[in-house]
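Encoded as structure tokens, the structure appears first; notes follow it.
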Amino acid sequence: MLDTLRRIVQEVNNAPDIPSALDLMAKRVRDAMGTEVCSIYLRNNSEERYVLMASEGLKREAIGRVSLGLSEGLVGQVGLREEPINLEDAFSHPKFHYLAETGEDPFHAFLGVPVMHHGDVLGILVVQQRDARRFDQSEEAFLVTISAQLSAVIAHAHASGALFEQLDAHEKLPTIYDGQSGASGAAIGQAVLLFPETDLSSVPDREVEDVNAEIALLDEALVRVRQEIRDLAERAKKSLGAEEQALFDVYLRMLDRHALPAEVVAKIREGHWAQGALRMVVDAHVHNFEMMDDPYLRERAADVRDLGRRVLGQLQSRNRRQIEFPDACILMGEDISAPMLMEMPQERLAGIVTTRGSRNSHMAIVARAMGIPTVVGCQNLPLKKLDGKELIIDGFRGRVIANATAELKEQFQDIIAEEKHLLAGLEKLRDLPAQTEDGQRICLQVNTGLMTDINRSIERGAEGVGLYRTEIPFMVRDRFPSEEEQRLIYREQLSPFAPHSVTMRTLDIGGDKALSYFPIEEENPFLGWRGIRVTLDHPEIFIVQVRAMLKASEGFDNLRIMLPMITSVFEAEEAQHLIHRAWLEVREEGVDVAMPPVGVMIEVPASVYQARALAQRVDFLSVGTNDLTQYLLAVDRNNRQVSDLYNSFHPAVLHALLHVVEQAHEEGKPVSVCGEMAGDPASALLIMAMGYDALSMNASNLLRVKAAVRQVNMGFLRRLLNEVLAMDNGEVIASYVDLQLTKAGLGELIRHRKSG
Ligand code: PEP
Ligand code: MG
């Protein structure tokens, strides 16, 4: 059964388009279950109906025409109950709704299961049979399993709107694709698909006029690939036996003019560009191999795929720089690397969207630093279909909109204009203090990582750096930077902010932050070897970094060192000991620097309860609310599946924050917040009411938070804090704070926020 399941899923995933995927699904499920009918009904949200989208066994003319209301018929019942309905005789069920157009008269046995995705019913999968009999448990389990496996395919079909578009070609519905915010802001522009080189599946369809030129390109590519294979074969002679050598001959035979290339040429003659033609031919062969029962032959699919990649690599080496970037360009791709961003004309880059990746990908980090609205992890985005189309990027809420109606587009144009206007208005606050109406001050600092962040921070009047993420310069290299390289990088951070302090966090890798040259493979990386745990195990890395920091601060004396992921007191003590050692070493080398203040991040629950003990030993504390929220709520900060549960207004988070500030102040130590909560005006105000000394945030949020601070008084803030501390529901707290701040006239500042 498992094998059948795997094969159906694979085959459906390889289907060229969604209607064929659904047709295949119906056919294969019917065959696998030995029933007479298998049908797929999908929910059309705009019409609030289940539409028959594919069927094996019912009349073909009914497909796309027959539909049922959301509570109509047995299909509607399955949707309402969100569970399977298994009936020996559907006709005798009171909810049975006879659909004459489908020709379902002879079918008595009925089994329907909902297709669920993220808690929503996307459609109903139905099998029917002539004889009146109940489907048995294993059949029911099979259908439920296949429905769960295929829900992603259906979700994609649903999200792309492509299906319903086909039913009514005139009406192009706006389609919203959910992802994660990578950088806030909104943008409207024309999508340009960047496809990773040598990734066949992401080659889009394109038409060509000059067929001969495409064929010539293909020929040149083939000549080079054949040579590449011959070279490989030559090299392999030394290490491989005769049998393996034969593999290379097979490869070469496949590349013979009359084999695969002939098919590609035929596709080019139909008007496809060489890369697209190659993809189609390779896909078809891969598909055929994968369908074979013989496991050896199935594996051959990999050879064809590999050859395809090699030819594509050669084709792309010619075509690489031919992308034309429109004036307002939305870069789109599966994964976009940070260097790719740098390669395009910056003034044309309006927004970015990727189907993979998370907020912590290099690209998202760079996009935030550049202030480019970005959505990441937008899994259902049909990249090839949207190439060249107009898209709206909603980086506030992490979604992308295609086929927007005129009204929707206008709404976003207004948001973009409002944001621009708001920012222009905020600029005059640059040199004014972050101070409430009744004179309470708070220090507003920035989080940095790249050089780009520095100018933006200075322009916005930051009072120093509350978190310099040193892993970022490590992440954008292909090896550990040397002590001298690090010294130069750190000096560039320290000098522009002097005399304000710059808080440098020691290397915080692990979790979702990886160095390509220092791979960490773990089952459960967020609970694994990360932050201080790695650097205490590698004092040679830690000490070099601290020495570089100390040397870089010579003449400025504005360095503070901060330790990430501290869970126990001994980790702070051990790190302090190493820092002291590094300090003695550089002093001995004649570098004249004072011992810098050393602080710890409070970002795991254990450190919340150790806050007092930690505060006794170090010079300052800083709460990393991003990790603290994830660990307190047990919600992976990058997992879309549970992103609704990630709520920094959760009472547990607020009470933890209060506890930390109280403990730090008992010991007379300053304490700040450097997670995203500090950059959100609503949570920033609550944190200020708790008595925190400083807030450190992304530069793009600084003036917004300052404006919010300057429009309230402490009496109001303390009352608000006391009210929310008495509440027990994070969602309610978030809405209540929004409401109260809107009433207090801060609506404009908090309206489009969500992330930073
Ligand atoms: C945090 O966890 O809140 C934090 C500031 O650190 P990072 O986001 O780099 O993990
Ligand atoms: Mg953290």
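The values are calculated or read from the model by the stated rules, or taken from the named source; none is laboratory data. Nothing here was measured: the structure is a model prediction, and the numbers come from that model. Glycine also receives a Cβ, built like all others from the backbone with ideal geometry; neighbour counts cover every protein chain displayed.
Screening Arg43, Arg60, Arg7 for residues that are in contact with a helix residue (DSSP H, G or I) (Cβ under 9 Å, 6 or more places away or on another chain) and over 15 Å from Ile124 (Cβ atoms) leaves exactly one candidate, Arg7. Filter the stretch 203-231 down to residues that are touching a Lys or Arg at 6+ places or on another chain (Cβ under 9 Å) and either outside the structural domain of Pro261 (by TED's automatic domain parsing) or assigned to a loop (DSSP other than H, G, I, E, B) (or both) and give me whichever is farthest from Thr374 (Cα to Cα). Restricting to residues being touching a Lys or Arg at 6+ places or on another chain (Cβ under 9 Å) and either outside the structural domain of Pro261 (by TED's automatic domain parsing) or assigned to a loop (DSSP other than H, G, I, E, B) (or both), the top hit is Asp205. Sub-6 Å Cβ pairs linking a first residue in the stretch 425-451 that is closer than 19 Å to Pro670 by Cα to a second residue that is among the acidic types (Asp, Glu), at least 6 apart or interchain, are Cys443/Glu463; Leu444/Glu463; Gln445/Glu463, ordered by first then second residue.
Considering every residue within the stretch 562-569, establish whether at least one is farther than 17 Å from Gly464 by Cα and away from ligand 1 (no atom under 16 Å from the Cβ). Checked against the condition, which is being farther than 17 Å from Gly464 by Cα and away from ligand 1 (no atom under 16 Å from the Cβ), the stretch 562-569 yields at least one hit.
Checking the stretch 383-391 against the condition returns no match, with no residue being within 28 Å of Ala498 (Cα to Cα) and crowded, with 19+ Cβ neighbours inside 10 Å.
Considering the conditions (1) part of a loop (DSSP other than H, G, I, E, B); (2) touching a strand residue (DSSP E or B) at 6+ places or on another chain (Cβ under 8 Å), Lys706 is excluded by exactly one of them, (1). Residues that are within 16 Å of ligand 1 (Cβ to nearest atom), modelled with pLDDT under 90 and buried (at least 19 other Cβ atoms within 10 Å of the Cβ) number at least 1 in the following helices (runs of 4 or more DSSP H) confined to the stretch 406-476: 451-459, 471-475.
Yes/no per residue for (1) buried (at least 24 other Cβ atoms within 10 Å of the Cβ); (2) under 11 Å from Ile330 (Cα atoms):
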site	(1), (2)
Glu347	no, no
Ala350	no, yes
Arg356	no, no
Arg359	no, no
Thr374	yes, yes
Gly377	yes, no
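Counting the residues of the stretch 496-532 that are of a type in the set (D, E, K, R) and within 16 Å of ligand 1 (Cβ to nearest atom) gives 5. Of all residues in the stretch 596-610, exactly one satisfies the criterion of being farther than 19 Å from Phe542 by Cβ, more than 16 Å from ligand 2 (Cβ to nearest atom) and either part of a helix (DSSP H, G or I) or hydrophobic (A, V, I, L, M, F, W, C) (or both), namely Tyr609.
Would you please name the residue that is surrounded by the fewest Cβ atoms within 10 Å (Cβ to Cβ), looking only at residues in the stretch 672-694 that are among the aliphatic types (A, V, I, L, M) and within 16 Å of ligand 2 (Cβ to nearest atom)? Looking at the filtered set, the residue picked out is Met677. Might you let me know whether the stretch 489-506 holds any residue that is among the polar types (S, T, N, Q), within 16 Å of ligand 2 (Cβ to nearest atom) and modelled with pLDDT of 95 or more? Yes: one or more hits. Hey, among Ser92, Ser46, Ser67, which residue is crowded, with 17+ Cβ neighbours inside 10 Å and polar (S, T, N, Q)? Only one candidate qualifies: Ser67. Residue under question is Asp636, and the condition is that it be within 15 Å of ligand 1 (Cβ to nearest atom), assigned to a helix (DSSP H, G or I), under 20 Å from the mean Cα position of the chain (by Cα) and of a type in the set (D, E, K, R); does it hold? In short, no. Of the residues making up the stretch 639-674, those that are away from ligand 1 (no atom under 16 Å from the Cβ) and either free of Cβ contacts under 8 Å to residues at least 40 places away in the same chain or of a type in the set (Asp, Glu) (or both) are Val642, Asp644, Leu645, Glu662, His665, Glu666, Glu667, Gly668. Scanning the stretch 607-629 for residues that are near ligand 1 (Cβ under 9 Å from one of its atoms) and in contact with a helix residue (DSSP H, G or I) (Cβ under 7 Å, 6 or more places away or on another chain) returns Val623, Thr625, Asn626, Leu628, Thr629. Give just the number: which of (1) within 16 Å of ligand 1 (Cβ to nearest atom); (2) assigned to a loop (DSSP other than H, G, I, E, B); (3) at pLDDT below 95 does Asp557 not satisfy? Going through (1) within 16 Å of ligand 1 (Cβ to nearest atom); (2) assigned to a loop (DSSP other than H, G, I, E, B); (3) at pLDDT below 95 one by one, Asp557 breaks only (1). Applying the criterion of being surrounded by fewer than 15 Cβ atoms within 10 Å (Cβ to Cβ) and within 26 Å of Gly464 (Cα to Cα) to the residues of the stretch 578-591, the residue that is nearest to ligand 2 (Cβ to nearest atom) is His580. Looking only at the stretch 623-663, count every residue that is under 23 Å from Glu723 (Cα atoms), touching a strand residue (DSSP E or B) at 6+ places or on another chain (Cβ under 7 Å) and away from ligand 2 (no atom under 16 Å from the Cβ) and tell me the total. Qualifying residue count, the stretch 623-663: 1.
In the set (1) under 30 Å from Arg640 (Cα atoms); (2) surrounded by fewer than 20 Cβ atoms within 10 Å (Cβ to Cβ), Val115 fails one condition alone, (2). Scan the stretch 343-393 residue by residue and report those that are of a type in the set (Val, Ile, Thr), more than 25 Å from Gly276 (Cα to Cα) and touching a helix residue (DSSP H, G or I) at 6+ places or on another chain (Cβ under 7 Å). Result: Ile365, Val366, Thr374, Val376, Ile392.
Listed here are the residues, each with its yes/no results for (1) assigned to a loop (DSSP other than H, G, I, E, B); (2) modelled with pLDDT of 95 or more.
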site	(1), (2)
Val546	no, yes
Ile566	yes, yes
Ala594	yes, yes
Leu628	no, yes
Val642	no, no
